[in-house]
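Only one structure is covered here, and it is reproduced in the block below.
The values are calculated or read from the model by the stated rules, or taken from the named source; none is laboratory data. If you're wondering where the values come from, they're calculated on a predicted model, not measured in any experiment. Here the Cβ positions follow ideal geometry from the backbone for every residue, glycine too, while neighbour counts run over all protein chains shown. Only protein heavy atoms, including side chains, enter the accessible area calculation; ligands, DNA and RNA are left aside. Shrake-Rupley method; radii C 1.70, N 1.55, O 1.52, S 1.80 Å.
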Amino acid sequence: MKLKYFLITGISLMFIGGILAGITYNAGAQKSMAWENGPKLLDIAQETKKIDGVEQIMIHAEYQHVTIKRGLNFEVAMTYEKSERPQLTVKNKRLSIIANSKPHRAMIDMDDADAELTITIPKDIELSELQIESSNSAIEMDELTSKKVVLNMYDGWATINALTADSLVADDKLGTFSLIGSNIQTMKASASDSRFYLTRLDPESSGTVDMQNSQLTFHEMETGGYDIQLEGDSRIERSDEESTTSSFSQGKKKIKVTGQNNMVRITTDDEEFED
């Protein structure tokens, strides 16, 4: 009987909370409801900041969806729960953003409760440096030009398309990293318990990838050169055929892959590309 009583009480509270959330939404206040040791109404805010005179961007993100794209004006658009407003500062031509959120288990979504950070950069601007340190976050980047890019990621995913950079340093743990159609003069990448995807990189791109307990896929990289030297319990798959060796070379060997207990897949545009 006690269990039945608690169940009825819990369902009743959830129902009442839903009604309250609807009332406050119609009144223009809280727009989402989450469960955090009980029902909690989330007050979601949106704002856009214009940015001028910036050559460097530094971002620290937790539980964020970060998008960097090209556009007309240099600006930062933010969606956040009001108690978790990101901190933005501009000093010495450097934009620093600290955006730390926490997961909200949405019960009723009347508006998007996910924390989002969208940075728009005019097409004629080349950054001198971009640094992102992220945890439990998603990163999307498109058509960016920066002399130096540094990415430190934990338990999230990143999709980078058409990046032009003199130097890229990327470290990923427990996540997924995808680099597509980019031109990187020097790349230094490391992965631990991660998935890496290198797709249609410029043939002159060069660098190193060091992996531990990870998977790397070269896709549509027939014209590029790489040298794969793996150790431990590792294997290489070419055109869906598993190799008995843990080493393989092609072309100019501009990208060198090393590590232990990994799998490397080499696929072409004629094959289905699976994440």
* To do: Might you check whether a residue that is touching a Gly at 6+ places or on another chain (Cβ under 7 Å), open to solvent by 10 Å² or more (accessible area, probe 1.4 Å), at pLDDT below 95 and assigned to a strand (DSSP E or B) occurs anywhere in region 103-117?
  => yes
* Would you check if there is a residue in region 125-139 being of a type in the set (Asp, Glu), open to solvent by 40 Å² or more (accessible area, probe 1.4 Å) and touching a His at 6+ places or on another chain (Cβ under 9 Å)? => yes
* Those residues of region 167-185 which are assigned to a strand (DSSP E or B) and open to solvent by 70 Å² or more (accessible area, probe 1.4 Å), in sequence order -> 173, 185
* To do: Kindly indicate the residue of region 44-90 that is among the small types (Gly, Ala, Ser) and out of contact with any helix residue (DSSP H, G or I) (no Cβ under 7 Å at 6 or more places or on another chain) and also least open to solvent (accessible area, probe 1.4 Å) among those meeting that condition.
  => 61
* Does residue 33 satisfy being at pLDDT 95 or above and either open to solvent by 20 Å² or more (accessible area, probe 1.4 Å) or in a strand (DSSP E or B) (or both)? -> no
* Structure fact -> Pairing a residue in region 121-134 that is within 14 Å of residue 96 (Cβ to Cβ) with any residue that is assigned to a loop (DSSP other than H, G, I, E, B), where Cβ atoms lie under 7 Å and the two sit 6 or more apart in sequence or on different chains, gives 127/55
